[in-house]
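Working notes, beginning with the structure itself.
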Amino acid sequence: MDLKLCCSCISLLLLLLLPCPVGAGKLLVVPMVGSHWLSMQEVVEKLSQRGHEVVVVMPEVSWQMETSQSYRVLTHPVTQTLEELDGAFQDYVAAHLQDLPFPLNVLKLYRSSENVFRTFFGQCKDLFRSQETMKVLNGSSFDAVLTDPAFMCGATLANHLSLPFIFFMRGFPCSLHYDGPQCPSPLSYIPRLFSFNSDRMSFLQRVENALLALLELKYCDGFYGEALRFSSEVLQRDVSLMDLVSSASIWLLRFDFVFEYVRPVMPNMVFVGGINCAKKKALPKGEETRKEEGRQDEKRRDETRRDETRRDETKETRKGEKRK
Ligand SMILES: *[C@@H]1O[C@H](CO)[C@@H](O)[C@H](O)[C@H]1NC(C)=O
């Protein structure tokens, strides 16, 4: 009996160890433009090396969407120019750099974020408008969608094509990447984004945390307003953000609990932090010298600090002696 059990264990193990084509699938990749693609591309390349058939769908106009021979790229026409995309993003960056008083700063940030989300989601609407592309996508019988859902295009498309989907991402605003998989999220020790609290909060900080959590229920609806309106139209029902994201099969999250406070997570959340460091370049020459100078400065500062501590300690001992 034991032997039999063991045999089946071994055959299962052997099955798992077989090189991939046995279980190879057909994967549709919906990336996000810009730097997000840099880390996703590594993964997509590996997937196709392992024998999966990969199709990456991309807008004709975008940033830094370098591609390689190992997968098929399907581009779709878009209405916006590169200048329009650049403009929206530059406004967004400028809003972060402006020194406005509260609450003008928050309003400004909110408006510029809304604008960036709307502008980039425009590319998704163009994808749906391209009947030719949509026909190819629907006719290709993919097994799953892998997407960076920051602008919500991949989630909308996967829901539209009724395909299971996997998220590959750094995180959503509004803690959506914890609410989507239904993680427990006690307000008393899970600090909300923008609260700048830690996982140990005073009573007032907890109150602040609770207020921010209330806002979280609403402010993403603003960021994703356009995406929500459009997906409701496409899916022909009223769609909420949770409807769009909560059925993700797996959440591949590009961070770990070195950056974030530890918190309860669900079994379909997989932490792949550091994957974005796979592609590295040597620092330019000037940078190396600057880094070395930085190290020297740090050393000097350490020494000064140590001297000061020693002096303070001496003072303390002296005080102690006087008290005696
Ligand atoms: C995909 O194609 C099938 C069969 O041609 C059709 O019935 C279905 O409505 C299409 N789905 C979408 C989302 O267009």
Can you list the helices (runs of 4 or more DSSP H) found entirely within region 183-257 that contain at least 3 residues being within 20 Å of the chain's Cα centre (by Cα) and surrounded by fewer than 19 Cβ atoms within 10 Å (Cβ to Cβ)? 203-223
Anything in region 60-85 that is outside any loop (DSSP other than H, G, I, E, B), farther than 18 Å from L28 by Cβ and over 21 Å from the mean Cα position of the chain (by Cα)? List them, or say none. L82, E83, E84
Kindly establish whether K135 is more than 24 Å from N276 (Cβ to Cβ), at pLDDT below 95 and in a helix (DSSP H, G or I). no
Please specify each residue of region 250-270 satisfying the condition of being charged (D, E, K, R), more than 19 Å from D148 (Cα to Cα) and touching a residue at least 24 places away in the same chain (Cβ under 8 Å). R263
Can you find a residue that is surrounded by fewer than 18 Cβ atoms within 10 Å (Cβ to Cβ) and out of contact with any Cys (no Cβ under 9 Å at 6 or more places or on another chain) anywhere in region 148-159? no
For region 111-143, what are the residues that are away from the ligand (no atom under 16 Å from the Cβ) and not hydroxyl-bearing (S, T, Y)? R111, E114, N115, V116, F117, R118, F120, F121, G122, Q123, D126
For region 110-130, name all the residues that are within 17 Å of V55 (Cα to Cα) and part of a helix (DSSP H, G or I). C124, L127, F128
Filter region 148-188 down to residues that are in contact (Cβ under 8 Å) with a residue 60 or more places away in the chain and among the hydroxyl-bearing types (S, T, Y) and give me whichever is nearest to the ligand (Cβ to nearest atom). T156
Restrict the check to region 140-147 and report whether at least one residue is under 16 Å from the mean Cα position of the chain (by Cα), over 25 Å from L47 (Cβ atoms) and outside any loop (DSSP other than H, G, I, E, B). no
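The values are calculated or read from the model by the stated rules, or taken from the named source; none is laboratory data. Model, not experiment: these values are computed from the prediction. A quick note on method: Cβ atoms are made from the backbone with ideal geometry, for glycine too, and the neighbour counts reach across all protein chains shown.
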